[in-house]
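J.: Okay, here's the structure, questions in a sec.
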Amino acid sequence: MDILRIATAGSVDDGKSTLIGRLLYDSKSIFTDQLEAVERTSVQRGDDYTDLALLTDGLRAEREQGITIDVAYRYFSTPRRKFIIADTPGHIQYTRNMVTGASTADLAIILVDARKGLLEQSRRHATLVSLLRVPHVVLAINKMDLVDWSEEVYNTIRDEFVDFASKLDFADVATIPLSALKGDNVVERSTHMDWYHGASLLHHLENVYIASDRNLVDVRFPVQYVIRPQNGRGDYRGLAGQIIGGVLRPGDEVVVLPSGLPSRIKSIDTADGELQEAYPPMSVTVRLEDELDISRGDMISRPNNQPTPTQDLDAMVCWMDSTPLAVGGKYVIKHTTRSARAMVKDIMYELDINTLHRDLSPGALRLNSIGRIRLRTTQPLMADAYQRNRQTGSFILVDEATNHTVAAGVIAS
């Protein structure tokens, strides 16, 4: 079975944790002792219902405040598919956590409280989901039970989101009205909304087509580690890493970047033996026919289909630090398995989350701002446009003094 990676997004108290808890509960994916613990905690807090959000809010601070702070990953499966769900925070101060959860997602569920409609944080998360090019989006209009299952409320929010999304880059958007607390349209179709004729959320998640989302054309294999066993096999030299693009086979002609040295694939090894074919997102060890000088940070690709080595990056970034980003700022950039130093050459504009208008003279990017910048790196990076490859087209910036991740960026075309 294939795996669908899901990230939740939306504003505070829109019901993200409750929705995931309901999915786990109704799909029979939680153990009896887990449910009993949640029921006990709900009683201790004075709730007159079982708070399924506690299944994902595992930190003590989260349980005390009733909010999500860190990204919580939960796993479950149905006969059709396996799922990994990232429950991400809605608070603006934890935007960096939301970016972390959505960066590897195949599908994003953007929740909206039916009583409140689209809020600023809902728009911010939708914009980030678009920038991160999550292939599939579900607009889940939650808490429909609190607006008397109103079709008019649903249509108003749906139309507002469609209008906002038309300015973004969404390829596939589905809209589902539901009640995570009651379970309507989560796993089973609701009997309270006979005006809705679409699928339940789980049915949509089971059937959304993701096979075409992976790039099987552009071979990209960043080297993570060079394996040289000390057990008498002195002739073994393998290049370990994860395939992030294309298909590799023994005998294929390849080129090693940034050196540009050519070779052929001798074998593709795994713990279970040799493979005749490997593709994303498999982690493998590649052996080449030639003894070349290769180390962590180098990349293997096809001779006639290479990423562009560059020291100048034009990128959209989400700024995650309380100290503003300014021209001249110096940081460590981490791109695939390669690290270098980088300097901010220019801030081209800041994006207004609500209107998507561009401020062409922002001066600096402040906490949770999204903007377009130019960077100059000390070493060439083997980069693609993000819309071509999400891994070779993305990076993070790290403050050397604090070792904090201060920005997540995607490389523009």
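The values are calculated or read from the model by the stated rules, or taken from the named source; none is laboratory data. Here the structure is a predicted model, which means the values were calculated and not measured. Don't worry about glycine lacking a Cβ; one is built from the backbone with ideal geometry, like all the others, and counts go over all protein chains shown. Only protein heavy atoms, including side chains, enter the accessible area calculation; ligands, DNA and RNA are left aside. Shrake-Rupley method; radii C 1.70, N 1.55, O 1.52, S 1.80 Å.
J.: Could you pull out every one of the strands (runs of 3 or more DSSP E) wholly within the stretch 292-348 that has 2 or more residues that are among the charged types (D, E, K, R), closer than 24 Å to residue 402 by Cα and open to solvent by 30 Å² or more (accessible area, probe 1.4 Å)? Please lay out each step first, then the result.
T.: Working: elements: 299-301, 308-319, 330-335.
In the stretch 292-348, 330-335 are the strands (runs of 3 or more DSSP E) which contain 2 or more residues that are among the charged types (D, E, K, R), closer than 24 Å to residue 402 by Cα and open to solvent by 30 Å² or more (accessible area, probe 1.4 Å).
J.: The conditions are (1) in a loop (DSSP other than H, G, I, E, B); (2) among the acidic types (Asp, Glu); (3) open to solvent by less than 80 Å² (accessible area, probe 1.4 Å), and residue 194 fails exactly one of them. Which is it?
T.: For residue 194, the exception is condition (3).
J.: Going through the stretch 203-217 one residue at a time, which ones are among the hydroxyl-bearing types (Ser, Thr, Tyr) and open to solvent by 90 Å² or more (accessible area, probe 1.4 Å)?
T.: 209
J.: Identify, please: which residue in the stretch 229-246 is surrounded by fewer than 17 Cβ atoms within 10 Å (Cβ to Cβ) and modelled with pLDDT under 95 and is, among those, farthest from residue 104 (Cα to Cα)?
T.: 232
J.: Among 116, 167, which is assigned to a loop (DSSP other than H, G, I, E, B) and within 16 Å of residue 13 (Cβ to Cβ)?
T.: Within the list 116, 167, the selection yields 116.
J.: Now, a different point. Looking only at the stretch 374-393, decide whether some residue is open to solvent by 50 Å² or more (accessible area, probe 1.4 Å), of a type in the set (A, V, I, L, M), closer than 13 Å to residue 342 by Cα and part of a strand (DSSP E or B).
T.: No.
J.: Could you please find all residues in the stretch 124-153 being more than 13 Å from the chain's Cα centre (by Cα), closer than 18 Å to residue 13 by Cα and assigned to a helix (DSSP H, G or I)?
T.: 124, 144, 145, 146, 147
J.: Just a yes or no: is a residue in the stretch 225-247 outside any strand (DSSP E or B), over 15 Å from residue 306 (Cα atoms) and touching a residue at least 12 places away in the same chain (Cβ under 8 Å)?
T.: Within the stretch 225-247 (the criterion being outside any strand (DSSP E or B), over 15 Å from residue 306 (Cα atoms) and touching a residue at least 12 places away in the same chain (Cβ under 8 Å)), the answer is yes, since at least one residue qualifies.
J.: I've got another one for you. Going by what's in this entry, would residue 392 be described as within 25 Å of the chain's Cα centre (by Cα) and without any contact (Cβ under 8 Å) to a residue 12 or more places away in the chain? Spell out the reasoning first.
T.: Values: within 25 Å of the chain's Cα centre (by Cα): yes; without any contact (Cβ under 8 Å) to a residue 12 or more places away in the chain: no.
So residue 392 does not fit the description; no.
J.: I'd like to verify a number: residues in the stretch 120-153 that are farther than 30 Å from residue 385 by Cα, open to solvent by 10 Å² or more (accessible area, probe 1.4 Å) and in contact with a helix residue (DSSP H, G or I) (Cβ under 7 Å, 6 or more places away or on another chain), how many?
T.: Residues that pass the stated criteria total 2.
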